Amino acid sequence: MEPIRTSSSVPAVAASRRSAKRTRKPGGAARGSSRPRSSTLAGGDGGRRCQPCTACCDGWLRIEIAGIAVFPGSPCPHSTGNGCDDYIHRPRSCVRFECGWRMQGSPLPGWMKPNQSGVIVLFAKRRWMGRPVDVAVPVGPRIPPRALAWLKAFAEQHQRPLLYTEQSLSDGRCDASQQVLAHGPPAFREQVAAWQARGEPLW
């Protein structure tokens, strides 16, 4: 399933390689493997911790905090680079934000932590023909090949269409716009183009 490339300025999201020893785990892929596990959203580690990852605060997800736009090159004003300076009183939308790597039952392997894999995954951000549609946002200009290959294989294996973005560059630096790409059946790619033509938020 080849993705379509559609250029778009993505609306703000509500504030909302390293090698590993390949050892076989019962019922799953080899540790360190790029292959997705056979489960969909079962078996993740609910005890995963954010630190030292701060990707969701660093502007890769376009958010707005107290009227201040956050985007690549302009991180959240509460970000210290190591966390949040007002975590206890963070906005409700931040409280409700669910990182796909940290969520209970996440199928993402350990190496897919955003600061390590270069991608933030948001599961089931909308539905299409009864199927959940997942979203992937790069931590950097592009999703690295290993992570993108894993996500596409997962999408195909579990029939979960995928939307993913690439940062637009201006003078070699990420600017405030993105390109959205769709990976899934031709009918899904056509639907994404139709959503964009109507100016509908994709998630």
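Tabulated data for the structure shown
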quantity: Ala193 versus Ser170: modelled label distance in nm, points set 7 Å from Cα along the beta carbon direction; calculated: 2.8 nm
quantity: Per DSSP, loop GluC sites (Glu not before Pro) in segment 146-203 with at most 10 further Cβ within 10 Å; calculated: none
quantity: Dipole magnitude of segment 55-203, debye to nearest 20 (Cβ charges: Lys/Arg +1, Asp/Glu -1, about Cα centre); calculated: 460 debye
quantity: Over segment 86-145, relative contact order from alpha-carbon pairs under 8 Å, at least 6 apart, %; calculated: 24 percent
quantity: Convex hull projection area averaged over all views, segment 134-190, Cα basis, nm²; calculated: 4.2 nm²
quantity: Segment 61-179, relative contact order [Cα under 8 Å, separation at least 6], %; calculated: 17 percent
quantity: Amide proton proximity set for Ile63, modelled H, under 5 Å, gap of 5+; calculated: Val13, Val70
quantity: Area projected by the alpha carbon convex hull of segment 95-149, averaged over all directions, nm²; calculated: 4.6 nm²
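Values quoted throughout were computed directly from the atomic coordinates according to the rules given, and no laboratory measurement underlies them. Just so we're clear, the structure is a prediction, and the values are computed from it rather than from any experiment. For neighbour counting, all protein chains shown are included, and Cβ atoms are generated from backbone atoms with ideal geometry for every residue, glycine included.
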